[in-house]
Structure formats: structure tokens, C-alpha cells
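These notes concern the structure reproduced below.
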Amino acid sequence: MKVIETKNAPGAIGPYSQGFISNGFVFTSGQIPVNPETGEVPASIAEQAEQSCKNVGALLEAAGSGFDKVVKATCFLADMADFAAFNEVYAKYFSSKPARSCVAVKELPKGVLCEIEVIAEA
């Protein structure tokens, strides 16, 4: 196993890694919409989805992979009313249409509106 580590995505805020490469696959931790340079979180669901996707992209790039190699995405929303707006942004990045689960959860870290984790080919 190889640890994925990049300053282009938020650092772990707990006892976990940004991701791993194992057996030819990339496994990322959930990426919330924290700007890695400023530590700030945008306000709207569209802006948060955009930042979460950028953070996932940074981890994929650090692993030598990309959005086109994602086989499974898991998305968490704080409110299913944001589903359409989230999907609009998500579709720009995940154009290969990987398998996906999208669930509403009661709360996400730092009070954010969305989180995305992926499994991709390395």
C-alpha cells in the first residue's frame, strides 16, 4: 500500500490518511469543500460541490489517476433538496458516469453540505 498525500487537497482532520493506492486502485477519504489554501468553505451547494470535486481531483492527480478512471463514487449530502444542484456540478467532473451512491446524512464535518469519496484505477 502507498499513502496518497498532497497539499492540493485538505489535510486529514483526524486519525486517517487522504487516501491509499492498493492493488492497482486508488481509495480516497471523503473530500469536503474546504479550500486547501485558505481553509475556507464556500457558502452555496454549487460552490461546495465544485470545491469537493477539485479536492477529489487533486488526490487522483497525486495518485497518478484521474476522473476518467473513477469506478465508484460515494456522495453524502446534508440535504436531499440539494441533489439537483449537486448533480449539475458533479456531472462536469465525473463525465465517465462511474457507479455511484448518493445519500443524505444528518450532519457532515465542519457543517458542510456535501462530501465525496471515490475508488479509481491507479
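Side notes on the structure shown:
- Sequence-distant aspartates and glutamates (8 or more away, or on other chains) whose Cα lies within less than 15 Å of residue 72: 115, 117, 121
- Among the protein heavy atoms, those of residue 67 account for about 40 Å² of accessible surface (1.4 Å probe, every chain in place).
- Burial ranking of peptide ranges 6-12, 34-40 (average Cβ count within 10 Å, highest at the top): 6-12, 34-40
- Within the full protein context, the accessible area of residue 72 is estimated at about 60 Å² for a probe radius of 1.4 Å.
- Between helix 83-93 and the chain: long-axis angle, C-alpha atoms, 0 to 90°, nearest 10: 30 degrees
- Figure note: 76, 27 ranked by solvent-accessible area, largest first, 1.4 Å probe, ligands and nucleic acids not counted: 27, 76.
- 1.4 Å probe accessible area per residue over the chain, in Å²: 53 Å²
- Residue (of 85, 12, 96) at the positive-pole extreme of the chain, dipole from beta-carbon charges: 96
- Label assignment, Rg and Dmax of the Cα atoms in Å derived from the structure, set [x] 13.2, 38; [y] 15.0, 47; [z] 15.8, 59: [x]
- For residue 16, the solvent-accessible surface with a 1.4 Å probe is about 110 Å², rounded to the nearest 10.
- The spacing between region 81-104 and region 17-43, judged by their C-alpha centroids, is 17 Å.
- Charge-dipole axis of the chain as Lys and Arg at +1 and Asp and Glu at -1 on Cβ define it, positive-most pick from 33, 1, 109: 1
- Accessible carbon and sulfur surface of region 33-122 relative to its total accessible area, %, 1.4 Å: 50 percent
The values are calculated or read from the model by the stated rules, or taken from the named source; none is laboratory data. These numbers come from a predicted model, not from an experiment. Note that each Cβ is placed from the backbone with ideal geometry, even for glycine, and that neighbours are counted across all protein chains shown. Protein only, heavy atoms only, side chains kept; ligands, DNA and RNA dropped before computing areas. Shrake-Rupley method; radii C 1.70, N 1.55, O 1.52, S 1.80 Å.
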